[in-house]
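Visitor: Before I ask anything, let me first share the structure, which is written out below as structure tokens.
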Amino acid sequence: IPVDDFDLVVFGATGDLAQRKILPALFRRFVAGQIPESARIIGAARTEQDDAAFRDEARRAISEHGRVPQDDPRLARFLELLAYTAVDAKGDGGWADLKARMREGAVHAFYFSVAPALFGDIAERLASHGIADRDSRIVVEKPFGRDLQTARDLNDMLARHFGEQQIYRIDHYLGKETVQNLMAVRFANILFEPLWNSQYVDHVQITVAETVGVAGRGSYYDKSGAIRDMVQNHMMQLLCLIAMEPPYHFDPNAVRDEKLKVIRALQPVEPDDIVRGQYQGDGKSTGYAEDAENPATRTESYVAMKVCISNWRWQGTPFYLRTGKKLRARTSEIAVVFREPPHSIFDDTGAPKANELVIRLQPNEGMNLKVMIKEPGPGGMRLVQVPLDMSFADALGQDGSDMPDAYERLIMDVIRGNQTLFMRGDEVEAAWAWTDPIIAAWEDSKRRPEPYDAGSSGPEEALRLMHRDNRRWREIR
Ligand code: BG6
């Protein structure tokens with residue numbers, strides 16, 4: 001279904017995110033017939049260039065990142081939607097031109113794909129030049145602050161010009177198909193919900209493992225580390241979707257209210273419940289310190305932690321989170337490990353093992369439920385655990401590469417005016433309020449992260465987190 005006619009202004013249109021994600025995502029939605037031919041996408045940045053130069057740049061970016069030939073006729077049609085205006089975020093240059101380009105009657109959205117330091121200047125000028133009004137939508141990217149105070153400052157600054165219902169804070173994990181699927185699996189089946197609590201769930205493991213390092217973005221990453229870069233936002237969102245109560249309706253505030261309650265119920269993390277790691281070079285591959293260009297760095301490229309949620313549903317069921325760079329494989333998954341059956345009626349023929357539901361977020365998106373069955377054969381009642389394995393692509397008869405990119409869904413939701421998959425200001429602040437003391441305790445401790453080999457499963461120390469609780473991590477592969 002096509003969305004309403006819109007003018008989308010992309011600030012920072014010549015930057016990496018716009019070229020790698022935003023423009024290719026818009027192109028794919030255009031090809032899917034969702035973007036009306038009358039829509040306008042206006043690039044805005046400091047560089048002085050005309051529409052034609054911007055379209056050329058966009059053609060190259062979309063061709064490279066969207067994997068389409070540069071002479072694809074659909075690309076030529078899409079590029080006609082594009083225009084460009086040079087603006088000076090810190091001065092008055094260009095703003096009148098931008099205003100002149102905005103059409104009456106179309107949805108107006110402004111995408112801040114720029115460093116957060118510029119958010120205030122741009123918001124100010126959009127308001128003072130009368131370009132944005134009460135119906136306009138503002139899209140902001142992470143990082144949304146680097147601690148509670150900076151996040152509050154950003155929220156306050158945006159609130160001076162826009163209402164909360166106009167602000168779309170992106171966490172691109174929420175746009176991933178399989179992440180949205182978590183809600184479908186939990187709230188559109190009767191099978192799981194009765195078991196979804198500490199009485200039946202022993203623990204939950206959330207893993208986001210990456211094979212890439214931080215080379216090329218070391219200067220950002222080294223000031224951030226895995227906790228700010230991944231845990232405060234993406235991992236937190238996954239945790240919320242797994243742990244939250246059923247919202248009364250799939251409605252933006254109903255969903256976000258429930259997520260907020262989870263974040264507020266998170267217990268502080270004790271120093272003993274967290275392990276940080278840093279990947280080491282091995283001659284073939286560079287180490288973190290080298291990638292970050294900071295020999296003395298104590299920033300973590302890996303973190304594993306045990307998180308407890310103090311509420312009626314989850315008291316006694318820990319959530320183990322881990323994420324890291326340069327690990328053995330690129331894999332993101334959530335494993336819900338159930339408790340063992342309370343009593344076995346079988347003799348010494350193999351004790352029943354705990355059921356496990358593994359939701360694979362990427363790659364090879366799907367679900368795997370481990371169940372016990374009788375091993376075939378006349379040898380008596382021997383038990384064996386087997387997987388009920390499903391890949392979403394197979395089940396739906398799709399090619400896995402057809403899975404829409406998170407940005408496609410999220411940008412279309414902005415135009416449709418649906419905030420369900422975007423973070424509310426209080427949610428972001430609550431997440432920082434929980435991570436701030438974890439980061440502060442680390443800074444005070446003066447400890448160094450545990451080294452781990454590039455291409456491994458992370459530091460040995462992380463195993464301890466599980467072993468002492470008589471549990472084990474799932475293999476990263
Ligand atoms: C980004 C982080 O937000 O998410 C990166 O800044 C990380 O460090 C990326 O690599 C992971 O996203 P995805 O979609 O590749 O899982």
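Visitor: Would you please name the residue that is farthest from Q166 (Cα to Cα), looking only at residues in segment 124-148 that are small (G, A, S) and surrounded by fewer than 22 Cβ atoms within 10 Å (Cβ to Cβ)?
Guide: G145
Visitor: Does A430 meet the test of being in contact with a Lys or Arg (Cβ under 8 Å, 6 or more places away or on another chain), in contact (Cβ under 8 Å) with a residue 60 or more places away in the chain, more than 30 Å from F144 (Cα to Cα) and small (G, A, S)?
Guide: Answer is no for this residue.
Visitor: For S219, are the conditions met, namely being within 16 Å of the ligand (Cβ to nearest atom) and either loosely packed, with under 15 Cβ neighbours inside 10 Å or more than 19 Å from the chain's Cα centre (by Cα) (or both)?
Guide: It is true that S219 is within 16 Å of the ligand (Cβ to nearest atom) and either loosely packed, with under 15 Cβ neighbours inside 10 Å or more than 19 Å from the chain's Cα centre (by Cα) (or both).
Visitor: While we're on this one: Taking F11 and the conditions (1) without any contact (Cβ under 8 Å) to a residue 12 or more places away in the chain; (2) crowded, with 21+ Cβ neighbours inside 10 Å; (3) of a type outside the set (S, T, N, Q), which numbered condition does it fall short on, given that it satisfies the others?
Guide: (1)
Visitor: Please work out if I206 is without any contact (Cβ under 8 Å) to a residue 12 or more places away in the chain and either within 16 Å of the ligand (Cβ to nearest atom) or β-branched (V, I, T) (or both).
Guide: no
Visitor: Please work out if E193 is touching a residue at least 24 places away in the same chain (Cβ under 8 Å), surrounded by fewer than 20 Cβ atoms within 10 Å (Cβ to Cβ), within 14 Å of the ligand (Cβ to nearest atom) and among the charged types (D, E, K, R).
Guide: no
Visitor: A further question on this structure: Taking the conditions exactly as written (closer than 17 Å to E80 by Cβ and without any contact (Cβ under 8 Å) to a residue 12 or more places away in the chain), does A58 satisfy them or not?
Guide: no
Visitor: Report the residue count in segment 298-323 for those that are assigned to a loop (DSSP other than H, G, I, E, B), out of contact with any helix residue (DSSP H, G or I) (no Cβ under 6 Å at 6 or more places or on another chain) and of a type in the set (D, E, K, R).
Guide: The qualifying residues number 2.
Visitor: If you take the residues in segment 147-166 that are more than 22 Å from the chain's Cα centre (by Cα) and among the acidic types (D, E), which one is nearest to R256 (Cα to Cα)?
Guide: D156
Visitor: Sticking with this structure for a sec: For L118, indicate whether it is within 16 Å of the ligand (Cβ to nearest atom) and of a type outside the set (G, A, S).
Guide: Answer is no for this residue.
Visitor: When you check V231 against the structure, is it of a type in the set (A, V, I, L, M, F, W, C) and within 16 Å of the ligand (Cβ to nearest atom), yes or no?
Guide: When the stated conditions are applied, V231 passes them.
Visitor: Another question, then. Applying the selection to segment 295-343, what residues are farther than 21 Å from K223 by Cβ and among the aromatic types (F, W, Y)?
Guide: Matches in segment 295-343: W312, W314, F319, Y320, F338.
Visitor: Any chance you could count how many residues in segment 234-259 are more than 16 Å from the ligand (Cβ to nearest atom) and hydrophobic (A, V, I, L, M, F, W, C)?
Guide: Number satisfying all stated conditions: 7.
Visitor: Tell me, which helices (runs of 4 or more DSSP H) lie completely within segment 161-272 with 2 or more residues that are closer than 18 Å to L357 by Cβ?
Guide: Here the list reads 177-187, 236-243.
Visitor: With the requirement that a residue be among the aliphatic types (A, V, I, L, M), part of a loop (DSSP other than H, G, I, E, B) and touching a residue at least 24 places away in the same chain (Cβ under 8 Å), what does segment 273-297 give you?
Guide: A292
Visitor: Kindly provide the set of residues from segment 23-68 that are among the basic types (K, R) and assigned to a strand (DSSP E or B), ordered by number.
Guide: Of everything in segment 23-68, just one residue is among the basic types (K, R) and assigned to a strand (DSSP E or B), namely R40.
Visitor: Do you know which residues across segment 322-366 are buried (at least 18 other Cβ atoms within 10 Å of the Cβ), of a type in the set (A, V, I, L, M) and over 30 Å from D291 (Cβ atoms)?
Guide: Scanning segment 322-366 gives V336, V337, L357, V358, I359.
Visitor: Oh, and also: Where residues in segment 324-346 are of a type in the set (G, A, S) and assigned to a loop (DSSP other than H, G, I, E, B), which of them is farthest from the ligand (Cβ to nearest atom)?
Guide: Per the stated criteria, the residue is S344.
Visitor: Does any residue in segment 137-149 that is part of a loop (DSSP other than H, G, I, E, B) come within less than 7 Å, Cβ to Cβ, of a residue that is of a type in the set (D, E) and within 16 Å of the ligand (Cβ to nearest atom) six or more places away or on a different chain, and which pairs are these?
Guide: K142/D171
Visitor: Going through segment 67-100 one residue at a time, which ones are under 30 Å from G120 (Cβ atoms) and surrounded by 16 or more Cβ atoms within 10 Å (Cβ to Cβ)?
Guide: Residues satisfying the conditions are L81, L82, A83, Y84, T85, A86, V87, A89, G94, W95, L98.
Visitor: Follow-up question, since we're still on this one. Confirm whether D97 is over 30 Å from the mean Cα position of the chain (by Cα) and either of a type in the set (K, R) or under 19 Å from G12 (Cβ atoms) (or both).
Guide: Yes: the conditions hold for D97.
Visitor: Next up: Quick one: R152 ticks every box in (1) within 15 Å of the ligand (Cβ to nearest atom); (2) modelled with pLDDT of 95 or more; (3) of a type in the set (K, R) except a single one, so which number is it?
Guide: Of everything listed in (1) within 15 Å of the ligand (Cβ to nearest atom); (2) modelled with pLDDT of 95 or more; (3) of a type in the set (K, R), R152 misses just condition (1).
The values are calculated or read from the model by the stated rules, or taken from the named source; none is laboratory data. Quick caveat: nothing in here was measured; it's all calculated off a predicted structure. Glycine also receives a Cβ, built like all others from the backbone with ideal geometry; neighbour counts cover every protein chain displayed.
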